[in-house]
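Student: Dropping the structure in here first, questions after.
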């Protein structure tokens, strides 16, 4: 089974980290996006929208389940500065997962994958 992933826009320190995109992601019997695929998608989007800005790393705590409301906080490191971004599933339509991405303020608690 394959999932199509659509991401929303986000800006951090006046940079557009992520833009709208889509990609097919392989999944097992339970619909979800793997940790590796989510990190890859965030990295690809950043690099596409910020070709002149080096991205140090992207780290997510686990798989993102294809259920509305499921969320987790990933860390994006740009020029040595860490920024937490919350990834939340907003809708699931067949094999499509739509999610929003929001920058977390420095006083917001970090989240692990929703169960």
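Student: With the structure loaded, tell me whether residue 61 is part of a loop (DSSP other than H, G, I, E, B) and surrounded by 15 or more Cβ atoms within 10 Å (Cβ to Cβ) or whether it fails that test.
Tutor: yes
Student: Right, next: Tally up the residues in the stretch 48-58 that are exposed (fewer than 13 other Cβ atoms within 10 Å of the Cβ) and touching a strand residue (DSSP E or B) at 6+ places or on another chain (Cβ under 8 Å), please.
Tutor: Residues that pass the stated criteria total 4.
For every residue, the table says whether it meets (1) in contact with a strand residue (DSSP E or B) (Cβ under 8 Å, 6 or more places away or on another chain); (2) at pLDDT 55 or above; (3) outside any loop (DSSP other than H, G, I, E, B).
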{"position": "3", "(1), (2), (3)": "yes, no, yes"}
{"position": "30", "(1), (2), (3)": "yes, yes, no"}
{"position": "68", "(1), (2), (3)": "yes, yes, no"}
{"position": "74", "(1), (2), (3)": "yes, yes, yes"}
{"position": "105", "(1), (2), (3)": "no, yes, no"}
{"position": "109", "(1), (2), (3)": "no, no, no"}
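The values are calculated or read from the model by the stated rules, or taken from the named source; none is laboratory data. None of these values were measured; they are calculated from a predicted model. As a convention, Cβ positions derive from the backbone with ideal geometry for all residues, glycine included, and neighbour counts pool all protein chains shown.
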